[in-house]
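What follows is a set of notes on a single structure, which appears directly below.
The values are calculated or read from the model by the stated rules, or taken from the named source; none is laboratory data. These figures come from a predicted structure and were not determined experimentally. Reconstructed Cβ throughout: ideal geometry from the backbone, glycine too, with neighbour counts over all protein chains shown. The accessibility values were calculated without ligands, DNA or RNA, using every heavy atom of the protein model including side chains. Shrake-Rupley method; radii C 1.70, N 1.55, O 1.52, S 1.80 Å.
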Amino acid sequence: MKRLIKDLTFDELKKWLENIGEKPFRASQIFEWLYKKNATDVMQFTNLPLELREKIDDEFLINSLQILEHQSDGKSIKFLFELCDKNGIESVFLPYRYGNAICVSTQVGCKMNCRFCASAIGGFVRNLSAGEMVDQIINVENFTGKRITNVVLMGSGEPFDNIENVFKFIEIINSKEGKNIGARHITISTVGIAEGIYRLCDFPKQVNLAISLHAPNNRLRDKLVPMNKKYPVEDIMKAVDYYIQKTNRRVTFEYALIDGVNDSIECAEELGQMLKGKLVHVNLIPVNPVEEKGFRRPSKEKIKAFFETLRSYQIQVTIRRELGSSISAACGQLRRRYFNISEN
Ligand code: SAH
């Protein structure tokens with residue numbers, strides 16, 4: 001099977017060219033075609049000699065994704081892509097006032113098995129390579145004709161369970177020869193894998209960190225997020241404190257509000273106590289209902305009360321704009337419907 005050309009960093013491509021006796025400046029030309037012009041076929045690389053294009057074609061695949069389906073609510077667009085091995089992954093295009101964001105998947109399926117999430121239904125299949133993540137951006141840009149300015153790693157999968165490929169992906173899209181997307185416009189969202197948070201402290205790019213907390217204590221979080229047994233709340237908080245101390249960057253906590261489960265005032269108080277005085281931001285997300293899971297959104301009043309309670313602790317809080325719930329935008333739902341994946 002051919003390698004995907006977008007799995008290579010700029011330096012790796014230069015090395016490959018040198019090895020076959022080509023001039024390194026060809027790497028700049030190729031990156032220009034791949035990342036500035038979003039070419040999806042090597043024959044489009046018209047400033048390269050035909051012979052070199054053929055060599056590239058023998059060795060590499062230029063594009064790894066095909067659109068199987070797309071759905072729009074008029075603003076955001078959800079894509080179901082087919083990978084070369086026929087597996088499916090989802091990405092979501094989200095236009096905002098300040099730019100265009102994409103929600104990228106990092107794995108096919110997921111091992112985390114969070115109770116309210118559809119991604120793990122059907123189990124874990126495999127990691128995505130760096131290039132397969134990059135291709136989500138390229139294909140969404142080509143479809144929409146718009147440039148992506150912000151990237152969130154909040155699609156299916158756990159980024160820190162595929163950390164090498166995720167870091168490589170960030171290097172490629174951040175590099176000026178590549179997509180040149182600012183590190184501060186890239187957000188990694190994690191279920192709370194402490195080692196990953198520590199590794200991110202030493203990662204040379206200033207990307208944002210979001211933690212999917214969803215509960216203020218282990219008793220409740222154990223039930224919603226099985227990974228909490230391995231990385232309990234206090235371990236996550238310790239890693240987050242270290243991250244803030246080391247990077248001086250604000251951390252986002254995501255909290256999916258589920259009716260009658262984690263939306264009480266007591267929960268808000270406990271969360272407020274835990275986070276007050278820290279350089280953090282809480283993003284409240286009314287849960288996207290997933291049929292089999294039986295979870296519902298709290299009423300507007302309950303959401304407001306939770307929000308106000310947190311605010312009384314001088315914590316920055318937002319309620320996520322409800323983009324995409326009408327288009328199965330909750331993680332993994334489109335893939336699940338298309339491939340008829342069910343709970344086992
Ligand atoms: N594994 C990573 C990133 C993927 S999930 C993580 O856990 O952060 C991206 C975010 O969507 C997480 O905060 C996740 O908990 C949340 N999420 C998943 N299913 C959801 C649903 N049905 N409603 C609301 N948020 C959901």
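So the values come out like this:
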item: Cα→Cβ-extended label distance, 7 Å offset, between Glu69 and Glu82, nm; result: 1.3 nm
item: Of the DSSP H helices in the chain, those whose Cα atoms cover at least 20 Å axially and whose Kyte score averages 0.0 or more; result: 130-144
item: Among Val261, Val151, Val282, residue whose mean-square fluctuation peaks in a GNM of the chain (springs only between Cα atoms under 10 Å); result: Val261
item: Share antiparallel - DSSP beta bridges, region 1-141, percent rounded to 5; result: 90 percent
item: Mean shadow area of the chain, taken as a quarter of the surface of its Cα convex hull (nm²); result: 17.4 nm²
item: Cβ charges +1 (Lys, Arg) and -1 (Asp, Glu), total dipole of the chain, debye; result: 880 debye
item: R0 of 51 Å, Cβ-Cβ distance Glu164-Arg296: FRET efficiency to nearest 0.05; result: 0.85
item: Trp33 - accessible surface, heavy atoms, 1.4 Å probe, Å² rounded to 10; result: 30 Å²
item: Accessible area per residue in Å² at 1.4 Å probe, computed on region 66-338; result: 41 Å²
item: Links that overshoot a 30 Å alpha carbon limit, given the list Lys179/Lys304; Lys111/Lys238; Lys146/Lys246; Lys276/Lys300; Lys15/Lys37; result: Lys179/Lys304; Lys146/Lys246
item: Cα centroid separation - region 61-108 against region 1-40, whole Å; result: 24 Å
item: FRET efficiency, 1/(1 + (r/R0)^6) with R0 25 Å, evaluated for Asn180 and Asp58 via beta carbons; result: 0.30
item: The chain: calculated mean residue ellipticity at 222 nm from DSSP helix runs of at least 4, using -39500 (n - 2.57); result: -10000 deg cm²/dmol
item: Cα-based equivalent ellipsoid of region 173-313: semi-axis lengths in Å, sorted from largest, via gyration tensor; result: 28, 17, 15
item: Residue order for Tyr242, Tyr98, Tyr313, Tyr35 - accessible surface, 1.4 angstrom probe, largest first; result: Tyr98, Tyr242, Tyr313, Tyr35
item: Entries in Lys205/Lys229; Lys2/Lys86; Lys2/Lys78; Lys2/Lys55 that, when Cα-Cα distance is taken, lie over 18 Å; result: Lys205/Lys229; Lys2/Lys78
item: Isotropically averaged projected area of region 1-43, using the convex hull of Cα atoms (one quarter of hull area), nm²; result: 3.3 nm²
item: Contact order normalised by residue count of the chain, Cα under 8 Å, 6+ apart, percent; result: 16 percent
item: Cut-off 12 Å between beta-carbons: net charge of the residues surrounding Ile20, Lys and Arg +1, Asp and Glu -1; result: -1
item: Percent of C-alpha pairs per 5 Å bin, region 61-210, short to long; result: 2, 9, 20, 24, 21, 15, 7, 1, 0
item: Those residues of region 210-234 whose amide nitrogen sits under 16 Å from the label point placed on Tyr242, 7 Å along Cα→Cβ; result: 231-234
item: Accessible surface of the chain [probe 1.4 Å, protein heavy atoms]: carbon and sulfur percent; result: 48 percent
item: Average Cα contact separation per residue, region 131-219, under 8 Å, 6 or more apart, as relative contact order %; result: 27 percent
